Each structure stands twice: as C-alpha cells, then as structure tokens.
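Trainee: I'd like to ask you about the structure that follows.
The values are calculated or read from the model by the stated rules, or taken from the named source; none is laboratory data. Computed from a predicted model, the values in this text were never measured in an experiment. Methodologically, a virtual Cβ is constructed for each residue, glycine included, from the backbone with ideal geometry; neighbour enumeration extends over all protein chains shown. We work out accessible area using only protein heavy atoms, side chains counted, and drop any ligands, DNA or RNA first. Shrake-Rupley method; radii C 1.70, N 1.55, O 1.52, S 1.80 Å.
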There are 2 protein chains.
Amino acid sequence: MTYCVGIRLNAGLVFLSDSRTNAGVDAISTFRKMIVYEKPGDRFMVLMSAGNLSISQSVREILQVEKLPNGDDEPITIWNAKSMFDATRVLGAAVRRVYEQDGPSLKAAGIDFNCSMIFGGQIGDEAMRLFLVYSAGNFIEATRETCFFQIGESKYGKPILDRVLTPHTPLDEAAKCALVSMDSTLKSNLSVGLPLDLLVYEAGRLKSDHIAVLDEHNPYFQMIHTTWGQRLREVFESIDDPQWDGAEADHPLLAPSERFEPMRKITSPDEKII
Amino acid sequence: MTYCVGIRLNAGLVFLSDSRTNAGVDAISTFRKMIVYEKPGDRFMVLMSAGNLSISQSVREILQVEKLPNGDDEPITIWNAKSMFDATRVLGAAVRRVYEQDGPSLKAAGIDFNCSMIFGGQIGDEAMRLFLVYSAGNFIEATRETCFFQIGESKYGKPILDRVLTPHTPLDEAAKCALVSMDSTLKSNLSVGLPLDLLVYEAGRLKSDHIAVLDEHNPYFQMIHTTWGQRLREVFESIDDPQWDGAEADHPLLAPSERFEPMRKITSPDEKII
C-alpha cells in the first residue's frame, strides 16, 4: 500500500508521501511516490500516486507527452496549461490513456484498474489548487471546508488531521501534523514505509521551497516518533480512569441514559433473544 | 458500519461496541451489537458482532439453540460447553448454519456473506479467553502478544491501542483506552455512532462486573471527548515545528540521508521520467 497526504492552506501547500510498495507481504519494495514538475516563476506542481504501481508509473510517463485538444490553438499540456484545473484534466487524460492500453488485459487477469493521485500546485497568477484524481480520470478539488486529501492507507492517520488542520494552520505546523499522521500510520500498518518525501510550498513562490527526504536516521522524524508516542501516553495517563463506584466522581461513568438501557443479558438456554 | 474492540488482559476482559448500523448513508439505524451470556458462578461470555445485520441477528438467534454433536454424550451448547474454545466452536457452527440458510440467496443477489464477531469470556476454572470469529465460522484467539481484537471500522482507532495496551494494562485504564479509540473513530467516521456499550469483566468473577451504556449525555465520555481532543492539540503544539534553516536545530529536518536522494524533480517537457 501507500500513504500520502496533500494539504492546501492559505499559506501554501504541504505534500507528504511514504515509499513502500507491496505485492503481498512477501514482495515489499521501495518506490518513491512524489514527483515535482517545476518551471520556476511560471508553474509549480506536485504529483503523488497510490494504487497499482504499473499504472501509476505509466501515468507519470505518459503525463509528460499527454496533450488535450484545444480547438485551433496549441494542445494543452501540463507545461502550457493556464490553470491547475486544465493541468489536472491533462492528468485525467493520461490516466484514461493508461486505462485504454492496460484496462482490458488487467480485467482479463482479474485485476482492478486501481490508481488514485493527489495533484496540486500553482500556475502563474492563479491561486494554489489541490486535486484528488480517481481511477476513471475524474477528480475533485480541495476547498476551505475540506483542506486535505489522503490516498492509500488513510484511516490510521485521519483523526489527527481532522483535529488539527484548518486553512489557517501555519505551513510548518501542517507539515508537523502530516508527519504525526504518517507516524501513526507507520506504527499500525506494515504496508507503509520509510523513506518519506516531504515538500512544503509557500504561496506565490512558483518554485520548490522546502524539500526533504526523511529516512530512519532523520533527527526530526525520530524526535516526532519518540516524543509523540511518549507524550500521547502521558496525556492518556493524565486523564481520569472511569470510576464505577458512586456518583461522587467528577465525571460519573454510570450516569443513567434516558434513552437507552444496558445491553441485553441472556441468562439461560430457554431465554428468547428478542 | 460498526466499531467494536475486545481486550484480554491479565486482570480481565474489556468489551466496547458502538451501535450504528447503516445500509448506505441515507439508511442509518441504531442496533446494539453487544450481548452477554451469563450463568453466574458457572460461565460468563460476551458476543459483539459486525457486518451484515441480518446475518449477525440470525447468528444470535441460532446460537441459543445450536448444538455440536459430542459422540454419545450430550451435544455441546454455549450453555454446557466446558471451555471457551468449545463455546466458540458452537458460535462458528451457528455462523455456518446461517450461511447454509442464507448464503446462496445472498450470493444470487450479489451480496457478500459478511460477518465478523468478537467472542470472549470465562467458563469455570479455565482462564479467560478471547476469540475473533470470521464469516466462514473459523476463528483465532488473542494471545499475550496480541491482546486485542477489533471488528468493523478498526483503523482510525488502532494507533492508540497499539501504543497503550499490554497484558499488564489495568482494567480501567484499558477501558479508557478503548473509549479514546472509539472517540477517534467517531470523530473521523460517520458510520460509527452512539450509544456505546461498555463491559469490564474482572478475572475469575464468572458474572458481569461493570456494565455501562454511554450516550451523548454521559459525563465520562463527554470528558474523554473534550479532554482528549484538547490535550492532543496541546501536545501537538508543544512539539517543535520543523526548521528548514540551518543545522543548529536540535532535531534538524534537513539531515542528509545516506541512502536516498530528494524526490524527482522534472523541469521541462523534454525531460525523461526515468
């Protein structure tokens, strides 16, 4: 599997990806899932991919040459598109081209055409935009209400993103949040692995700002890993355990519920369930 | 969906279940998923179920009358089984009976025979045991190394269980951990909902110890919900943001990796991907 997260903030964009690919647990490899397309001063785009590796590698390759018809004008490519929307349409077309090439054979082999991608960036004067592209080449865009997308093993790391991120979150805090989210995912799921690719893009720069590759020796990620786990335990221990005796507790566990009775208890073989 | 967690500790057993059932997001109902089988002084067993509700309700009903052949002796039921292993075999047989009855019709309708159950408890002098029962009626047992099982929407709430639980965890701390795990799941997934059923069983008692139903007005769960979210944010904010400038940081983010280069950057349409 894979875990990637892309975040669109007022201050910029954050991208984080792992690099584990597996075909069964006995076939684990390292493949980087983030790629940057950059013409400094003109456009800056980041692509992260999850799903079938043969599909996403083919999409990357084809994306470099994919062209959308544009009436009598020059066809649209990711390098001349005037908006991130158009650039994402080119990516969708690349996905569809791979589907045309490989879809029938994959289907015959009983393999789903499975790929999902996060694509975001900025072109010229347009605002930064962030898209989630599906296997059918269709896509959705992040908004103020939903400012991040995840692909791959997304569930383990979603609660911390839900709790922390808003469009106003500062860039480096969002990067830290993404790394904590990744750390939880790494801890609970073997199909996600190091190294990580982290990219933090500041609004309006139109070139890469901050790029890092984090392996197991990276001091910052080691610190996140150790500190987060340890403080989480401290916080956990600082919260009162439930008290079963008496209503004198500050937060009685046994407060009666108006609507619900305790769970059903069966005490003999003859008792009816309902 | 559903989220249930069962934990086997040296000190006892903890069971926690939500009560949301949905057939699509526009068909949401409340069904309790925990049921207790108890003959005080003789046996104490708890069943929690996830998956297709028609299947799990049928399994519950049939479990009351299911009998395993036992040579010339009296057939084995959950009420006379001499071990939790045998009681779980009876549960597996009940699952298989529902499969015989409903499986072909479900298959014809394109519906998977989907159910999973956590079943645990104690019979007589035997140690407490905890099982995870699959749709095929087969099952696995919790051990010292893996002391909890989850069914349903398990991923959101797994990291905190992974970080906290060991066989030595005290009972009430484990109950708190299960509630924090549930809180994260409720926050990130609409298909899990209140009220919660919580049961904490102390080793050797052979009857229910502590039973609670927690709805949205429950003071302890409200406290967990508010405090955990808030302290998590405090801990998060207390951890240093990554620093991109200079190697003087205590935990430099930009420490070089020996094995890995930064992610691939493409700067023109003519550049090859590989």
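Trainee: Does B:Asp26 satisfy the condition of being more than 20 Å from B:Phe113 (Cα to Cα), part of a helix (DSSP H, G or I) and not hydrophobic (A, V, I, L, M, F, W, C)? Lay out the reasoning, then the answer.
Mentor: Details: more than 20 Å from B:Phe113 (Cα to Cα): yes; part of a helix (DSSP H, G or I): no; not hydrophobic (A, V, I, L, M, F, W, C): yes.
Considered against the rule, which asks whether it is more than 20 Å from B:Phe113 (Cα to Cα), part of a helix (DSSP H, G or I) and not hydrophobic (A, V, I, L, M, F, W, C), B:Asp26 comes out as no.
Trainee: Give the range B:91-119 a look and list any residue that's under 25 Å from B:Gln150 (Cα atoms) and assigned to a loop (DSSP other than H, G, I, E, B), or say none.
Mentor: B:Ile111, B:Asp112, B:Phe113, B:Asn114
Trainee: Among the listed residues A:Glu248, A:Glu271, identify the single one that is within 9 Å of chain B (Cβ to nearest Cβ), of a type in the set (D, E, K, R) and either open to solvent by less than 80 Å² (accessible area, probe 1.4 Å) or not in a strand (DSSP E or B) (or both). Break it down stepwise before answering.
Mentor: Details: A:Glu248 fails: within 9 Å of chain B (Cβ to nearest Cβ).
Matching residue, one of A:Glu248, A:Glu271: A:Glu271.
Trainee: Among the residues of the range A:210-222, is any more than 22 Å from the chain's Cα centre (by Cα) and outside any loop (DSSP other than H, G, I, E, B)?
Mentor: Yes: one or more hits.
Trainee: If you don't mind, another one. Can you report the number of residues in the range B:33-43 which are facing another protein chain (nearest Cβ under 10 Å), in contact with a helix residue (DSSP H, G or I) (Cβ under 9 Å, 6 or more places away or on another chain) and of a type in the set (D, E, K, R)?
Mentor: Step one: filter the range B:33-43 for residues facing another protein chain (nearest Cβ under 10 Å), giving B:33-40.
The next check asks that each one be in contact with a helix residue (DSSP H, G or I) (Cβ under 9 Å, 6 or more places away or on another chain); those that pass are B:33, B:35, B:37.
Applying the additional criterion that residues be of a type in the set (D, E, K, R) yields B:33.
Here the count works out to 1.
Trainee: Going through A:Glu126, A:Glu173 one at a time, which residue ends up being closer than 23 Å to B:Leu253 by Cβ, open to solvent by 10 Å² or more (accessible area, probe 1.4 Å), modelled with pLDDT of 95 or more and over 15 Å from the mean Cα position of the chain (by Cα)?
Mentor: Numbers: A:Glu126 fails: closer than 23 Å to B:Leu253 by Cβ.
After ruling out the rest, the residue left standing is A:Glu173.
Trainee: Could you figure out which of (1) closer than 28 Å to A:Ser17 by Cα; (2) surrounded by fewer than 18 Cβ atoms within 10 Å (Cβ to Cβ) isn't true of A:Pro104?
Mentor: Unmet condition: (1).
Per-residue answers, yes or no, for (1) more than 12 Å from chain A (Cβ to nearest Cβ); (2) at pLDDT below 95:
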| position | (1), (2) |
| --- | --- |
| B:Ala108 | yes, no |
| B:Leu130 | yes, no |
| B:Thr146 | yes, yes |
| B:Lys155 | no, yes |
| B:Ile160 | no, yes |
| B:His168 | yes, no |
| B:Ala178 | no, no |
| B:Thr185 | no, yes |
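Residue-by-condition table, conditions (1) open to solvent by less than 20 Å² (accessible area, probe 1.4 Å); (2) closer than 22 Å to A:Leu206 by Cα; (3) part of a strand (DSSP E or B); (4) within 12 Å of chain B (Cβ to nearest Cβ):
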position: A:Met45; (1), (2), (3), (4): yes, yes, yes, yes
position: A:Met48; (1), (2), (3), (4): yes, yes, yes, yes
position: A:Ser56; (1), (2), (3), (4): yes, no, no, yes
position: A:Arg60; (1), (2), (3), (4): no, yes, no, yes
position: A:Ile78; (1), (2), (3), (4): yes, yes, no, yes
position: A:Ala81; (1), (2), (3), (4): yes, yes, no, yes
position: A:Phe85; (1), (2), (3), (4): no, yes, no, no
position: A:Arg89; (1), (2), (3), (4): no, yes, no, no
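Trainee: Follow-up. Within the range A:133-144, take every residue that is modelled with pLDDT of 95 or more and open to solvent by 20 Å² or more (accessible area, probe 1.4 Å) and give me the one that is nearest to the other protein chains (Cβ to nearest Cβ). Write out each step before concluding.
Mentor: Quick first cut of the range A:133-144, residues modelled with pLDDT of 95 or more only: A:133-142.
Going one step further and asking which of them are open to solvent by 20 Å² or more (accessible area, probe 1.4 Å), we end up with A:134-136, A:138-141.
Details: A:Tyr134: 19, A:Ser135: 20, A:Ala136: 21, A:Asn138: 20, A:Phe139: 20, A:Ile140: 17, A:Glu141: 21 Å.
Across the range A:133-144, the extreme among qualifying residues is A:Ile140.
Trainee: Limited to the range A:151-170, what total is found for residues that are of a type in the set (Lys, Arg) and either buried (at least 20 other Cβ atoms within 10 Å of the Cβ) or not in a helix (DSSP H, G or I) (or both)?
Mentor: In the first step, residues of the range A:151-170 are kept if they are of a type in the set (Lys, Arg); the result is A:155, A:158, A:163.
In the following step, the residues that additionally are either buried (at least 20 other Cβ atoms within 10 Å of the Cβ) or not in a helix (DSSP H, G or I) (or both) were identified as A:155, A:158.
Counting residues in the range A:151-170 that are of a type in the set (Lys, Arg) and either buried (at least 20 other Cβ atoms within 10 Å of the Cβ) or not in a helix (DSSP H, G or I) (or both) gives 2.
Trainee: Okay, moving on. Does the range B:1-31 hold any residues that are within 25 Å of B:Arg96 (Cβ to Cβ) and surrounded by fewer than 20 Cβ atoms within 10 Å (Cβ to Cβ), and which are they?
Mentor: Passing the criteria: B:Met1, B:Ala23, B:Phe31.
Trainee: Cβ-Cβ distance below 6 Å, separation of 6 or more or different chains: which pairs start in the range A:200-213 with a residue that is among the aromatic types (Phe, Trp, Tyr) and end on one that is modelled with pLDDT under 95?
Mentor: A:Tyr201/A:Asp209
Trainee: Listed residues A:Leu206, A:Leu190; which is modelled with pLDDT under 95 and either in a loop (DSSP other than H, G, I, E, B) or over 18 Å from B:Phe260 (Cα atoms) (or both)? Outline the logic, then answer.
Mentor: Working: A:Leu206 fails: modelled with pLDDT under 95.
Every option except A:Leu190 fails the conditions.
Trainee: State yes or no: is A:Glu237 open to solvent by 10 Å² or more (accessible area, probe 1.4 Å), in a loop (DSSP other than H, G, I, E, B) and not β-branched (Val, Ile, Thr)? Give the derivation first.
Mentor: Numbers: open to solvent by 10 Å² or more (accessible area, probe 1.4 Å): yes; in a loop (DSSP other than H, G, I, E, B): no; not β-branched (Val, Ile, Thr): yes.
The answer is no for A:Glu237.
Trainee: When residues of the range A:192-214 are filtered for being acidic (Asp, Glu), open to solvent by 10 Å² or more (accessible area, probe 1.4 Å) and within 7 Å of chain B (Cβ to nearest Cβ), how many remain?
Mentor: Kept after step one, since they are acidic (Asp, Glu), are these residues of the range A:192-214: A:197, A:202, A:209.
Keeping just the survivors that are open to solvent by 10 Å² or more (accessible area, probe 1.4 Å) gives A:202, A:209.
Applying the additional criterion that residues be within 7 Å of chain B (Cβ to nearest Cβ) yields none.
The number of residues fulfilling the criteria is 0.
Trainee: Condition first: among the hydroxyl-bearing types (Ser, Thr, Tyr) and over 11 Å from B:Val235 (Cβ atoms). Now tell me which residues in the range A:224-263 satisfy that. If you could, list the steps in order and put the result at the bottom.
Mentor: Let us first name the residues in the range A:224-263 that are among the hydroxyl-bearing types (Ser, Thr, Tyr), namely A:226-227, A:238, A:257.
Scanning the range A:224-263 gives A:Thr226, A:Ser257.
Trainee: Just the residues that are of a type in the set (Val, Ile, Thr) and in contact with a Ser or Thr (Cβ under 7 Å, 6 or more places away or on another chain), please, taken from the range A:114-162. Write out each step before concluding.
Mentor: Initially, the range A:114-162 is screened for residues of a type in the set (Val, Ile, Thr), giving A:118, A:123, A:133, A:140, A:143, A:146, A:151, A:160.
Matches in the range A:114-162: A:Ile123, A:Val133, A:Ile151, A:Ile160.
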